[in-house]
Structures are given as structure tokens and as C-alpha cells.
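Data block below; observations after.
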């Protein structure tokens, strides 16, 4: 079997952290081609091209400063050139660029290439919510997998122990990707319910906004634990509505992509932080994004709205009081003080 | 049907918080006798008997100051008198007093009384670990249930929203107990796997010690999330070894007694705190208990040892690297720095 060629599409903070792992494994394992392409959006940093800096100094000084990248990771500024001949395409770019990027590489990739999305977030589909992997699959017609987990990029780059989850419907592809991704301190579990793995990554942000409300309103540990748990139950219930391609097992939610990522997002994470500030200051989400995130968009509130749209069509809003409360508080002027009382008659307690 | 008479055996911080709830519900619901006895270990507080203070001022000034107890909760200093005629016995005393207490009330309780244990901790059995509800059941021969969850007593007393889990093999008894315990802000789920509910409350403390090590060693959010998740997986695996009376479903671990209580214990809680201090200072658990807990005993480390004994007999130690590492680090002189490396070859990742 020919060695598989890997291309990392993206070179931000998370893409560069992943490049450390992928580069090291590709160098070590004969089943992968040693050279790993990394598509880098070209920009000038201190008067030098970023690709030149990466290829000469082996460091992404802009997005992952202080970490050496393996020298077999080659920065390529031309997108089409970077993906040509690749057997494994790792997508790790901001979700708003996905469609345009797919349009650019379409027709230039191997038809039997396998994609793995590390992209957080969801797209707006005709029914209110669409998985990013689904967007890529439709655009490119390739087999898609995902990798998600409690993985803050800087901690992964520092080699601190953590876990992650690969979702792959094919066991064989899952095993190959595990070989590519797993290191001593980056431990991989492969599950078949890829759509569940991906939806967890989107839904957890809604719960984190709620956990932030809870912090901002001065509730204690009990209430926050209840919010996180009820959020998890709504994530499971929503996955059962949304992921119709197979069964949705509660055990997938016990993986890193589920409960572990949910915990870190509800204790750290910017959705929690903005949720807290929202409850404390009375400012709008938009104002807080400007003040606290330099205008970057938060994912939890829009995801709550997209989920709300789906649930409305299906006449199931009442079964998801937490998701619904986050939507109504962020966008329909409901008082944030009502957040917890929305949970008092949760279907879980009936 | 005659109104059921309730006795709360114990009047500490948690017992008094529960008395607020039980008293209010017994007053409101005709299926319960309005008067709720609460056995109070008599002591003098500012020159007055504690039972007299409670019965006159309706406040447990020693263990739950600042909260009024419902006037239908009657403090009774005589243990046998307090339980006489009770249909529902709520056990909420420190676990080291359970056996002696049972010996005292044996022969004085209704044979068809139902017990509900709110007691945290486990007893040492011949096989290394024994549930407190099992100890009571053996001593008294009554039907036992449990109530466990992410329930810090003071927050419950303040009426802050939270959830709890009742474990009852009988659905009918479970429904009655839910009526007795549930309020607008104290939400109850009933599950049949009572032994799983109870073992969660013991095992979480081992995981929290590990989470504390992790904090003390300076690992970040990813690693802590991985420790919590791997701890949860070992809790499930251990329950499957230990709870042989029925099936062990992963969904029980998604209840308040499982994931929610685990989260609060691993972020707050004294097992975490001592674990952190242990890793930072190099002092022994015993020294830290003296310094930080006024000599009170921590539950995580001894539970780790009891679990270790069981696993050794069953030749299954290797399948529980986290539980085992906590035991070895606390009691066998293994360096705490090795804690995380013990997790690198976890069966979950194989």
C-alpha cells in the first residue's frame, strides 16, 4: 500500500498545534508520506512571508509562537497545490470560509480522499442547522470524518495530556486516522457516530452560555452542575431528533467530544464568559462581542437560534427548555433572571 | 391509606437542609403525617439544649444557622422515641455512627418501614467495600433506598435550584419519596439502579483526588477534563464489577448522582483541594487532613484503597489505572508526578 499523503488545510492556532502531532507521526510511521503539506493563508509578518518563516524557522510565529513545528511539515501558500495528491485532508479553518474553500479545491483533489473536519461550529441549512462535515461532503463528494474533544490548542501544543474523539462511520478509516493523530499525550477514541461527535461541538456552546448566565446571576455549584447536566440531556435529546442516520447512543456523550468538552467549555471558554457578562451588565450579546472579543462572533447564541428554528418546525420547543431559554434571553428580550425558572419544569423531572 | 410518618435521623448541615424540604412537603401533602420527627444528638449551645432551640426558635443554630426550619419539624433527643411509628426513615448521619445507631433502633421500628440513606461514604466489607444502605438493610431488615446528587447543603437550604437522584428498586416507593423530597428548586429523578446511585457517591471522591493532583501539578483544562472523563469511565466499569444485582446502564451516570456530582466534586470539594495540596507540598494525606480539615478524614484516599483491594482479588487492577494511581500515590509512595503518565495507556484508548 502506498504511503498516504496528508494535507492540513489551515494554519491557525489549532491547525498549527495539530501540525506538530501529524508531522511527528507522519515522520515516524511508514504508512504515511513523510512530507505533510500545510496550507497557509499567506500574510506578511515583520516584513517576511509567513510561509517562508514556517519553512525556514519551523515556527508559526503568528498563530502558535514558541512551538517548533516538525521540519517535514511544509507550508504551502497555494491552496490547490497544497491539496493535490493528498489522501487525507484535515480541515481546520474558520467555518465561514468552508464553502469558498471547497469551491476552490473541487476538481483538484483525489476522488477517494478522506476528509477530517476539526472545524467548530455549524452552518445554517434550510432546516436551520447543517453540520460542517455535511457541507464539505456535499461540495466535494468525499468521505468525511471529524475530530472533536476537550482540546485547547495551546495545551495540546505544549504536549499536556488530553483526549480527543474521532467520529468515523468506517472502522478502517477510523483506525488509520487514529494512527495519524494519537501520541503519548493526545489519546484518541474512535466512535462510529460521527454526526453525534460533531453536533456535540456545536450544542455545548449553547449550554455554556447558560452556565455563564448562572455564574453571572450568582448561583452556586449545585445550580451550575444542574445546568450542565440538563444541557447534556438536551444535547442527547436533540441529537436523537437531528442525527437520523443511525442510532444515538448515550455512550458517545461520555467521550471526550461530549461530557469532557462540555465541562471545559462551561468552566473556561468564551461562551461562558460572555454569558456571565450578559447577566451582570445587561448589555447585548453584540455589544459584548465588540468589547470582549474584538467583534468576533460568539457561537452559542446563533446556534441556539438555529436549534430553535428546527425545534419550532417540529413543534418540540417545550422539550428543550434550556436551549429555548438561551435563545429567548439572547434574542427575544426575555429577562435573564428567568433562566433558572425555565428549568424548574424540565421534562427530565416529570 | 394512613398518612405516612417521616423521621429524619440526623440533624447536621445536610440533615437540617433536608428538614426544610421534608417539613414543607409533609405539611402540604395529605399522604404524609404533618409532624416530622428529627432525631437530634443533644448538645448544649450557649447554655441551651439544641433540641429546645430548634423546637422553640425553629432554627438549628449550630449546624444550619440563618435558616428557619418549618415548625412541624420536631426535634427529638431520644433516638428510639424519634423513630417509633415512622413509615419513612431518612438516614443522614456520619457513616461511622451507622452500625451503632442501627443496633439502638433495631426492634423499635416498623417492620415495613422504608429507609432512605443520604449518607456519603462506604463501609469496609469483607471484600473491601460495602454500601451504607447495605449495612442498614442487613442490620434492620428494611427496604432501603438512597438519595444522592450535586447537593451542597447550604445551597439547598438557600433554595437555589438543583437536582438530585433517588435510587429505589420499587417504582411505587420511588414515587412516594419523590413526592416527599421534590420542590420547585430541588428537582428529583428516580432511577431503579439504587446501588449504582450510591457507589457513584463514593467513587467520585477518588476521581476528585486525581483532579486535585492534576491541579497541583499545573496541568490545564484539557488534562483535567480527561481525568474527570476517565474517572467517570472507571466509575462505570467498577459499578459493572461491583453492582451485580442488576444491569448497570450508562444513563444512570448521566443523572445528578453521576456526572453532575462528579463535576462539582472535581471543581469544588475537599478531596480535590487536598489532592492539590498533596501534589504541591509533598506532605502526607494525614498531615494535610490535620492542617486543612481539623483532623477530619478525607473519603477519597481510603475509598481508593478499598477499591484497590477488591480489584486485586479480582485480578483487575490494570483495568483501573486512575483508581490505582490514586491509591499508590496516597499510600504506596509512588510519586505524584507519575499520576498523568499512568493514564497514557488507559484501556479506554486501546
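Across the identical copies, the label point of residue A:84 (7 Å from Cα in the Cβ direction) is separated from its matches by 9.5 nm, in order from shortest. Please give the residues of the range B:71-86, grouped as numeric ranges, whose backbone N is less than 20 Å from a label point set 7 Å along the Cα-to-Cβ vector of residue B:45. Within reach of a label on residue B:45: B:71-79, B:82.
Annotation: the residues A:39, B:14, sorted from fewest to most other C-beta atoms within 10 Å of their own C-beta, follow the order B:14, A:39. Across the range A:136-209, the relative contact order, built from alpha-carbon pairs under 8 Å that are at least six residues apart, equals 31 percent.
GNM on chain B, alpha-carbon springs under 10 angstrom: the most fluctuating residue among B:131, B:293, B:177 is B:293.
Write down the percent of antiparallel bridges among all DSSP beta bridges whose residues are both part of the range A:100-171, to the nearest 5.
Details: 5 of 9 bridges.
Taking every DSSP beta bridge within the range A:100-171, about 55 percent pair in antiparallel fashion.
Approximating the spin labels as points 7 Å out from Cα along Cα→Cβ, the residue B:106-to-residue B:287 distance works out to 4.3 nm.
With the simple model of a label 7 Å out from the Cα in the direction of the Cβ, residue B:2 to residue B:139 spans 2.5 nm.
Could you line up B:195, A:318, B:179 from fewest to most neighbouring Cβ atoms inside 10 Å?
Numbers: B:195 23, A:318 10, B:179 15.
So the residues, fewest neighbours to most, are A:318, B:179, B:195.
Test of understanding: ordering A:67, B:327, B:308 by Cβ neighbours within 10 Å, fewest first, what list do you get?
Working: A:67 18, B:327 26, B:308 22.
Neighbour counts put them in this order, fewest first: A:67, B:308, B:327.
Quick one: angle between helix A:171-181 and the longest Cα principal axis of chain A, in degrees between 0 and 90, rounded to 10, please. Rounded to the nearest ten degrees, it is 80. Relative to the longest principal axis of the Cα atoms of chain A, the long axis of helix A:321-331 lies at roughly 80 degrees. Against chain B, whose longest principal axis comes from its Cα atoms, helix B:221-242 is set at around 70 degrees. For the peptide B:183-191, the mean number of other protein chain Cβ atoms found within 10 angstrom of a residue's Cβ is 3. I want to verify the translational diffusion coefficient of chain B in µm²/s; compute it with Stokes-Einstein, Rh as the Kirkwood radius over Cα pairs, at 37 °C and 0.692 mPa s. The diffusion coefficient I find is 157 µm²/s. Inter-copy label distances for residue B:281: 4.0 nm (label point placed 7 Å from Cα along Cα→Cβ; shortest first).
Computed over chain A, relative contact order equals 13 percent, with contacts defined as Cα pairs under 8 Å that lie 6+ residues apart. Using the Cβ-Cβ distance between residue A:52 and residue A:154 with R0 = 22 Å, the FRET efficiency computed as 1/(1 + (r/R0)^6) comes to roughly 0.35.
From other protein chains only, count the Cβ atoms within 10 Å of every residue's Cβ in A:247-255, then give the mean.
On the way: counts 0, 0, 1, 5, 5, 0, 4, 10, 3.
Shielding by partners across A:247-255 averages 3.
Could you grab the relative contact order for the range B:43-178? Cα pairs under 8 Å, six or more apart, rounded to a whole percent. Averaging sequence separation for qualifying contacts and normalising by length gives 16 percent for the range B:43-178.
Beta bridges from DSSP with both residues in chain B: antiparallel share about 25 percent, rounded to the nearest 5. Note on residue B:68 and residue B:179: their simple-model spin labels are 2.7 nm apart, each label 7 Å out from Cα toward Cβ.
Between A:19, A:175, A:157, the residue with the greatest mean-square fluctuation in the GNM of chain A (Cα pairs under 10 Å linked by springs) is A:175.
Suppose only helical runs count, i.e. DSSP H with n ≥ 4. What mean residue ellipticity at 222 nm does that imply for the protein assembly as shown under -39500 (n - 2.57) per run, divided by all residues and rounded to the nearest 500 deg cm²/dmol?
Working: 28 runs with 320 residues, N = 700.
Using -39500 (n - 2.57) per qualifying helix, the result is -14000 deg cm²/dmol.
Identify which of B:268, B:220, B:121 has the largest mean-square fluctuation in a Gaussian network model of chain B, with springs joining Cα atoms closer than 10 Å. Result: B:220 has the largest fluctuation of those listed. Among DSSP bridges having both ends in the range B:110-233, what percentage is antiparallel? Round to the nearest 5. Rounded to the nearest five, the antiparallel share is 40 percent.
Label-to-label distances for residue B:297 across copies, nearest first, come out at 5.7 nm, using points 7 Å from Cα in the beta-carbon direction.
Values quoted throughout were computed directly from the atomic coordinates according to the rules given, and no laboratory measurement underlies them. Bear in mind that the values here come from a model prediction, so they are computed numbers and not experimental data. Ideal geometry is used to build each Cβ from the backbone, glycine not excepted, and the neighbour counts take in all protein chains shown.
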